[in-house]
1. Quick one: in region 118-170, of everything that is assigned to a helix (DSSP H, G or I) and among the hydroxyl-bearing types (Ser, Thr, Tyr), which residue is surrounded by the fewest Cβ atoms within 10 Å (Cβ to Cβ)?
2. Is it the case that residue 82 is outside any loop (DSSP other than H, G, I, E, B), within 30 Å of residue 279 (Cα to Cα) and at pLDDT 95 or above?
3. How many residues, within region 87-135, are polar (S, T, N, Q) and in contact with a Gly (Cβ under 9 Å, 6 or more places away or on another chain)?
4. Residue 55: surrounded by fewer than 22 Cβ atoms within 10 Å (Cβ to Cβ) and out of contact with any Leu (no Cβ under 8 Å at 6 or more places or on another chain), yes or no?
5. Which pairs do you get when a residue that is modelled with pLDDT of 90 or more and in a loop (DSSP other than H, G, I, E, B), found in region 260-273, comes within reach of a residue that is surrounded by 11 or more Cβ atoms within 10 Å (Cβ to Cβ) and aliphatic (A, V, I, L, M), reach meaning Cβ atoms under 6 angstrom, with the pair 6+ apart or on two chains?
6. Check residue 89 against each of (1) touching a residue at least 60 places away in the same chain (Cβ under 8 Å); (2) in the same structural domain as residue 177 (by TED's automatic domain parsing) and name the one condition it does not meet.
7. Looking only at region 318-331, how many residues end up being in contact with a strand residue (DSSP E or B) (Cβ under 9 Å, 6 or more places away or on another chain) and either surrounded by fewer than 17 Cβ atoms within 10 Å (Cβ to Cβ) or modelled with pLDDT under 95 (or both)?
8. Can you tell me which of 5, 111, 100 is in a loop (DSSP other than H, G, I, E, B) and of a type in the set (Lys, Arg)?
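The values are calculated or read from the model by the stated rules, or taken from the named source; none is laboratory data. Remember, it's a predicted structure, so these values are computed and weren't measured experimentally. Ideal geometry is used to build each Cβ from the backbone, glycine not excepted, and the neighbour counts take in all protein chains shown.
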Amino acid sequence: MKKIKIAQIGTSLNGHGQRIFDSLKKQTDIFEIAGVAFPENEKEKFPQLMGMFDGYRELTVEEILNDPEIEAVIIETEEIYLTKYSILAAQHNKNIHMEKPGGTDLAEFEKLISLVKRNNLVFHIGYMYRYNSFVIELLKQVKNGDLGEIISVEAQMNCSQPLVFREWLKSLKGGMMFYLGCHLIDIILQIQGAPEKIIPLNKATMFETDSEDFGMAVFEYKNGISFAKAVAIERGGFARRQLVVTGTKKTVELKPFEMHCNPQTPNVLYTNKIEYNEEGWYEYGTESKSEVYDRYDTMMKTFSQMVTGERENKNTPDYELMLYKTILTSCGIDR
């Protein structure tokens, strides 16, 4: 099988650029890494991240874009630059994997969507829960009607972060809702579609900083209320990450949404699930545990299959635009 020649543009302190590049390095049967570019003074800003790129050719952005043999690019800059460099890649007919969710400029994102549609490119965004086996199974159950009519989706993705991170959140309008809440909004939209109303409830806890480190948004639907919550100052927050989908026939809870199997292998994870099928106060549910997985290996392998045409991206550019607009509104961004 012919390998996909690929290059990465950018990395960042709080993104997944290092994990994605590490996954590319492991999957040598799929990818040929042409090199990596560090725009926006990244080498000076993030010297502690440069070691993992040792041994790979450093290229300029222009060299990547103008190399006809490079058919796919990974865009992993800081969030505020993601759309900018994705537009450049689309203008040069490169298939794109982009860190979530994009920059904060709607007009730029709309331009990007127009370009990938016009040039018939793969546009793949790093929403990691799309590759969780239990989430995939749950979405199938919802589609098949196994849960009945959906009443609500409750989604939480919390963590405990130091002050330096919470100060950094000031660079993103909506703070934690933009940074992590976007993953949850993606799941809510895939289950319920566009809401009738969105109520952003993002707040600064005011512990040491006035960043929006408490993210929350409420979504009104015909049959009920759903919510997404992403907080950066919650002890035990990672273990409490959860998804609860309530239907008229069944409730499914994923908790912990993801948990590390071993501190030495932080990308190797599992998910725990409880399904509630019976009525009554004393229904304890049926519990199961997923097989262990590496979220980035599955993500990058799937991207490769989209590039080769083996697999269709069910998350169309139009869906990604709807999702992006929903994220902005959930962040309180006037669009």
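1. Filtering region 118-170 down to residues assigned to a helix (DSSP H, G or I) leaves 118, 128-131, 133-144, 163-170.
Filter once more, keeping what is among the hydroxyl-bearing types (Ser, Thr, Tyr): 129, 131, 133.
On the way: 129: 22, 131: 19, 133: 14.
It comes out as 133.
2. Numbers: outside any loop (DSSP other than H, G, I, E, B): yes; within 30 Å of residue 279 (Cα to Cα): no; at pLDDT 95 or above: yes.
When the stated conditions are applied, residue 82 does not pass them.
3. In the first step, residues of region 87-135 are kept if they are polar (S, T, N, Q); the result is 91, 93, 95, 104, 114, 119-120, 132-133.
Subset that is in contact with a Gly (Cβ under 9 Å, 6 or more places away or on another chain): 104.
Qualifying residue count for the region: 1.
4. Details: surrounded by fewer than 22 Cβ atoms within 10 Å (Cβ to Cβ): yes; out of contact with any Leu (no Cβ under 8 Å at 6 or more places or on another chain): yes.
For residue 55, the condition - surrounded by fewer than 22 Cβ atoms within 10 Å (Cβ to Cβ) and out of contact with any Leu (no Cβ under 8 Å at 6 or more places or on another chain) - is met.
5. Correct list of pairs: 271/254.
6. Exception for residue 89: condition (2).
7. Selection size over region 318-331: 0.
8. Details: 5 fails: in a loop (DSSP other than H, G, I, E, B); 111 fails: in a loop (DSSP other than H, G, I, E, B).
Only one candidate passes the filter, namely 100.
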